[in-house]
Amino acid sequence: MRLAAVAALGLWLGWLRRAPGETFSSMLSVRQALATERRLLRHLGAYLEAETHRLKDLQRFYNKVQDLHQGAGGSAANPLLAYTLIKRLQSDWLNVVHSLEASENTQALKNGYTQVEKDLPEFEDLEGAARALMRLQDVYALSVKGLVKGVFQRASGTHLPDIYSPGQLFPLSADDCFLVGKVAYDMEDYYHSIAWLEEAVSLFRVSYGEWNTEDEGSLEDALDHLAFSYFKAGNVSHALSLSREFLHYDPSNKRIARNVLKYERFLVESPERATAEVGLQRPNVTHLQTRDLYEELCQTLGSQPTQYQIPALHCSYETNDSPYLILQPVKRELLRLQPYVALYHDFVSDLEAEQIKGLAAPWLQRSVVASEEKQQKAEYRISKSAWLKDTVDPVIVSLDQRIAALTGLNIRPPYAEYLQVVNYGIGGHYEPHFDHATSRKSPLYRMKSGNRLATVMIYLSSVEAGGSTAFIYANLSVPVVKNAALFWWNLHRNGAGNGDTLHAGCPVLAGDKWVANKWIHEHGQEFRRQCGPDPND
């Protein structure tokens, strides 16, 4: 009966559907993974219950035999005692040692795991999640020591206020830190590997001699990787010290012994390396030229002048001379004149936002970026997206009508793209980019409707921290405002791209960020946004 219950729970584990290797790129997928683990947890609970019952039975057998030995006092004169002794040695002990119940319990647990295995995150997800922690560490200038304790505090010397205070702390284990450091180490990113492996070594030292079943790394593993990281960083003296510590725990390791000899020889030949300072530069993997400006905007929300500083920037109710908006004008907050950026508050309702997310959820796939004539995944854009036609649901038709009224533009296909719904992942972001094409080879021109003239981006959710939209050259960062729509022109009136619209989606520090994008193209707008008298405009 117990075994049947265990097996039944195991069948539940295969119900969750997920695209393999893409858990980290969408918080919806992360929530689905949480549900998967809850199923595993139930299965493990059933296994523990069955094993507890089995071990109690073993304890009963042990106590019975122990009592017989104490009572017999070494004598087997009683024929009943002699009989039961022989029976135990010939039969009972065989059944105890080769108990089928133990193997059946274990097999049931393994079967349950196998059934859910196709829904589990892959190693790519672990790497992506680890890189996300490093990204948040960098962009928001967070202390690694603080993160390990579950605290999102700024690194020393930044003079920035703390950006997020979680209601519950989730500290990291030594093995958690080791795997983040190892991901950096495997990328030859010693700037990050040193910081995270230092924390791993410290925690492993505290618990040395203990072993957690779930751990992959150990103190020796962390010391090994940290020593080589310091060696690659130029600090041979510290690499030698860590390698000697390794040999203290594992004197027979010949590879580390050879490293010790190599480091000693380096120091003899180059004594100045004994006290070398580690001057590691943080890697710029995507070669982002505007990285400092971008990160400063994410950290501080840029300079957002209030109305009394620039009177032209104000709030107003707008109808855009559209009958559709006469009875319910939109609430416009003008954020910038050049480039023109406006935020329309309460552009969608809570119900509409949930409907749009629900329509998109089954179709979410890893977001891609344009690269020459192709589209491909990229480390500088971590999210999943789906495209929704107006035929999917009346809510999309209603939203398109509202966007047309707001902008005064023709958004019928092919003059506008379908609604793109995006869900960001762990530390999800989109580094500085233009919405409009900067090359005639761009896939955007396949629509035969010109370049992207304007962008309407709707925030379908709120977040706890991070996730702002940063306009790099405009020195403007717009925080996530649930149900609001952000609008800007990508092109000048003469059709040239507006370089000041370079923008980015800052990494989501905490929360689940959903946005919907509507991109409107040039063609079909000739009499709706006409050229101005100045050819340079």
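Enclosing the Cα atoms of region 483-530 in their convex hull gives a volume equal to 100 cubic angstrom per residue.
Gyration tensor over the Cα atoms of region 95-224: the corresponding equivalent ellipsoid has semi-axes (square roots of 5 times the eigenvalues, largest first) of 35, 18, 15 Å. In region 445-497, Rg over Rh equals 1.06, where Rg is the alpha-carbon radius of gyration and Rh the Kirkwood radius from pairwise Cα distances. The Cα atoms of the chain cover 118, 69, 44 Å along the three principal axes, with the biggest extent listed first. Size descriptor for region 204-267, Kirkwood hydrodynamic radius: 12.2 Å (Cα pairs only, one decimal).
Taking the chain as a whole, the Cys residues whose C-beta sits 4.7 Å or farther from every other Cys C-beta are 177, 315, 531. Of the peptides 333-340, 426-433, the order by per-residue mean of other Cβ atoms within 10 Å, starting with the highest, comes out as 426-433, 333-340. Dimensions of region 151-273 from C-alpha coordinates, computed as largest minus smallest value along each principal axis and given longest first, are 51, 38, 24 Å. Ignoring lysines fewer than eight residues from residue 87 along the same chain, the ones with Cα atoms less than 19 angstrom from its Cα are 64.
Taking 1.567 mPa s as the viscosity and 4 °C as the temperature, the Stokes-Einstein diffusion coefficient of region 359-451 based on its alpha-carbon Kirkwood radius rounds to 88 µm²/s. Could you tally the net charge around residue 164, taking each other residue with its Cβ under 11 Å from the Cβ of residue 164, Lys/Arg +1 and Asp/Glu -1? Taking every other residue near residue 164 into account, the sum is -1.
For the peptides 290-300, 249-259, 468-478, the ranking by packing is 468-478, 290-300, 249-259, with the highest mean count of neighbouring Cβ atoms within 10 Å listed first.
Using a cut-off of 25 Å between Cα atoms, the listed pairs 56/118; 448/482; 357/389; 377/441 include 56/118; 448/482 as exceeding that distance. I'd like the distance between the alpha-carbon centres of region 481-537 and region 45-104, rounded to an integer number of Å. Here the answer is 77 Å between Cα centres. For region 339-451, with all protein chains in place and a probe radius of 1.4 Å, 50% of the accessible heavy-atom surface sits on carbon or sulfur.
Listed by chain and number, the aspartates and glutamates whose alpha-carbon sits under 18 Å from that of residue 145, ignoring those within fewer than 8 places in the same chain, are 162, 175, 176, 198, 199.
The translational diffusion coefficient of region 50-154, from Stokes-Einstein at 37 °C and 0.692 mPa s with a Kirkwood hydrodynamic radius over alpha carbon pairs, comes to 169 µm²/s. Here region 288-421 was treated as a single set of alpha-carbon atoms; its pair distances binned every 10 Å from 0 give 10, 27, 35, 26, 3 percent. First check a/c for region 381-514, with a ≥ b ≥ c the square roots of the eigenvalues of its C-alpha gyration tensor; if it is under 1.5, answer rounded, and if not, answer prolate when a/b is larger than b/c or oblate otherwise. Oblate.
Each residue of region 154-167 was assigned a 3J(HN,Hα) from its phi angle through the Karplus expression (A = 6.51, B = -1.76, C = 1.60, θ = phi - 60°), giving 5, 5, 4, x, 8, 6, 10, x, 4, 9, 7, 10, x, x Hz with x at Gly and Pro.
Summing Cβ point charges (Lys, Arg +1; Asp, Glu -1) relative to the Cα centre of the chain gives a dipole of roughly 820 debye. Once the 1.4 Å probe is applied to the protein heavy atoms, region 29-143 comes out at 62 Å² accessible per residue. For the chain, averaging the sequence separation of C-alpha pairs within contact (under 8 Å, six or more residues apart) and dividing by the residue count gives a relative contact order of 13 percent. Measuring nothing but protein heavy atoms, the accessible surface of region 141-288 at 1.4 Å probe radius is 51 percent carbon and sulfur. Orientation-averaged projection of region 313-387 equals 8.1 nm² [convex hull of Cα atoms, one quarter of hull surface area].
The values are calculated or read from the model by the stated rules, or taken from the named source; none is laboratory data. Everything numeric here is computed off the predicted structure, so don't read it as measured data. Cβ sites come from the backbone with ideal geometry, for glycine too, and all protein chains shown count toward neighbours. Accessible surface is based on the protein model in full, side chains and every heavy atom, while ligands, DNA and RNA are left aside. Shrake-Rupley method; radii C 1.70, N 1.55, O 1.52, S 1.80 Å.
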